[in-house]
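Asker: Pasting in a structure now, in structure tokens, and then I'll have a few things to ask.
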Amino acid sequence: MGRSTQEGGAFESLLRRAGEVPVTGAIDRLVEQARAAALAAYAPYSRFSVGCAVESVDGEVALGSNMENACYRLGICAEIAALTSAAQSFGLERIARIAVAGGHVGPDGALAGAAPVTPCGGCRQAILEAAHVSGRDLQVISANGDGTETLVNVISALLPLGFGPASLADAGD
């Protein structure tokens with residue numbers, strides 16, 4: 001188990017390996033939903049499937065998975081797909097937490113992978129925007145493909161100096 005904190009509690013990270021640190025059942029369920037969503041990914045080029053589950057404050061869940069394209073830059077990340085689904089299903093203002101999981105789909109059809117998958121920089125920015133809309137420092141749960149390791153953070157820790165609506169204060173009228 002690894003746990004690191006920054007002075008003042010602004011940054012808190014918890015790494016869990018199966019059986020070492022208890023994580024709530026709600027987090028485990030959300031991770032399982034993200035892992036299941038990854039199985040629906042369209043990833044013929046990288047063969048790296050990512051799923052995302054976005055949970056509302058009322059327990060509703062919206063899912064997304066990555067969708068690659070032969071023109072690589074047109075691919076869609078799982079987090080963006082899930083945030084878009086959440087916006088349509090229950091609204092960004094009701095988001096409570098987000099789980100991301102990824103890896104490769106093995107010959108048995110199960111998601112596999114050893115390292116927790118964290119959102120890319122662009123997805124962190126999108127999650128930060130959702131955090132501003134919701135008024136909450138959203139919890140971001142990153143899991144490995146096997147579902148045996150979980151990293152729990154808040155978006156302000158993953159993107160500490162993020163660009164948000166307040167950054168536009170000098171834009172003028």
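The values are calculated or read from the model by the stated rules, or taken from the named source; none is laboratory data. Note that this is a predicted model, so its numbers are computed, not measured. Note that we place each Cβ from the backbone using ideal geometry, even for glycine, and neighbour counts take in every protein chain shown.
Asker: Return the only residue of Val140, Val117 being surrounded by 20 or more Cβ atoms within 10 Å (Cβ to Cβ), without any contact (Cβ under 8 Å) to a residue 60 or more places away in the chain, within 21 Å of Ala41 (Cβ to Cβ) and of a type in the set (A, V, I, L, M, F, W, C). First the steps, then the outcome.
Answerer: Values: Val117 fails: without any contact (Cβ under 8 Å) to a residue 60 or more places away in the chain.
So the residue among Val140, Val117 that is surrounded by 20 or more Cβ atoms within 10 Å (Cβ to Cβ), without any contact (Cβ under 8 Å) to a residue 60 or more places away in the chain, within 21 Å of Ala41 (Cβ to Cβ) and of a type in the set (A, V, I, L, M, F, W, C) is Val140.
Asker: Could you say whether any residue in the stretch 132-142 is in contact with a Lys or Arg (Cβ under 8 Å, 6 or more places away or on another chain), in a helix (DSSP H, G or I) and at negative phi?
Answerer: yes
Asker: When you go through (1) under 22 Å from Val61 (Cβ atoms); (2) modelled with pLDDT under 95; (3) assigned to a helix (DSSP H, G or I) one by one for Asp170, which number turns out not to apply?
Answerer: Unmet for Asp170, out of (1) under 22 Å from Val61 (Cβ atoms); (2) modelled with pLDDT under 95; (3) assigned to a helix (DSSP H, G or I): (1).
Asker: Of all residues being touching a Phe, Trp or Tyr at 6+ places or on another chain (Cβ under 9 Å) and exposed (fewer than 13 other Cβ atoms within 10 Å of the Cβ) in the stretch 22-76, which is nearest to Gly91 (Cα to Cα)? Just the residue, please.
Answerer: Asp58
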